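Working notes, structure below.
FYI, it's all coordinate maths here, none of it is from the lab. Note that the structure is predicted; figures quoted are calculated from it, not measured. Every residue, glycine as well, gets a Cβ built from its backbone with ideal geometry; the counts of neighbours run over all protein chains shown.
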Amino acid sequence: QVQLVESGGGLVQAGGSLKLSCAASGRTFSSYAMGWFRQAPGKEREFVAAISWSGDRTYCADSVKGRFTISRDNAKNTVDLQMNSLKPEDTAVYFCAAGWRYIATQQDDYAYWGQGTQVTVSS
C-alpha cells in the first residue's frame with residue numbers, strides 16, 4: 001500500500017511558476033508509475049502528466065505540454081510537477097497518484113491517490 005501527500009500548491013499570477021511535490025510512503029515506490037491529475041471546479045478530473053517506474057518515460061497532456069515537467073526521485077520517494085507559464089485555466093486541485101502499470105494516463109490505472117493540493121492562478 002502507498003500513501004501519497006501532495007504539497008507546493010498556492011496562489012500565483014498568470015505567467016508564474018509553481019512546483020508541486022508528492023511524497024510517498026512505502027518501500028516499493030520505484031515499482032509504481034506516478035501521475036498527476038487535476039480537477040477544476042465543476043469539471044471532471046483530468047490527466048496532467050505521468051512518469052514511468054524508472055523515470056525514463058514521461059507523458060504530458062497537450063494542454064500543459066511545453067509548460068509542465070514531471071520528474072521523480074526514487075531514492076527520496078518523491079515525484080514533482082514543475083509548472084511554468086501558468087494560466088488561469090490551470091486553476092484546479094492537483095492530485096498525485098500511483099499505479100501498477102509501467103506508465104499510465106488513465107485514472108482507472110491508478111490505485112492510490114493523494115488528498116490533493118489547490119493551485120490558483122490569477123489573471
Problem - Test item: Cα-centred dipole of the chain, Lys/Arg +1 and Asp/Glu -1 on Cβ, debye - result: 180
Problem - Lysine pair number, Cα distance threshold 20 Å (strictly under), the chain, separation 8 or more or different chains - result: 5
Completion exercise
Taking a ≥ b ≥ c as the square roots of the eigenvalues of the Cα gyration tensor, with a/c under 1.5 meaning rounded and otherwise prolate when a/b exceeds b/c and oblate if not, region 11-78 is prolate
Completion exercise
Counting only backbone N atoms under 18 Å from a point 7 Å out along Cα-to-Cβ of residue 123, the residues of region 90-110 in range are 90-92
Handout entry: nm² value of the averaged projected area, convex hull over the Cα atoms of the chain
Key = 6.6
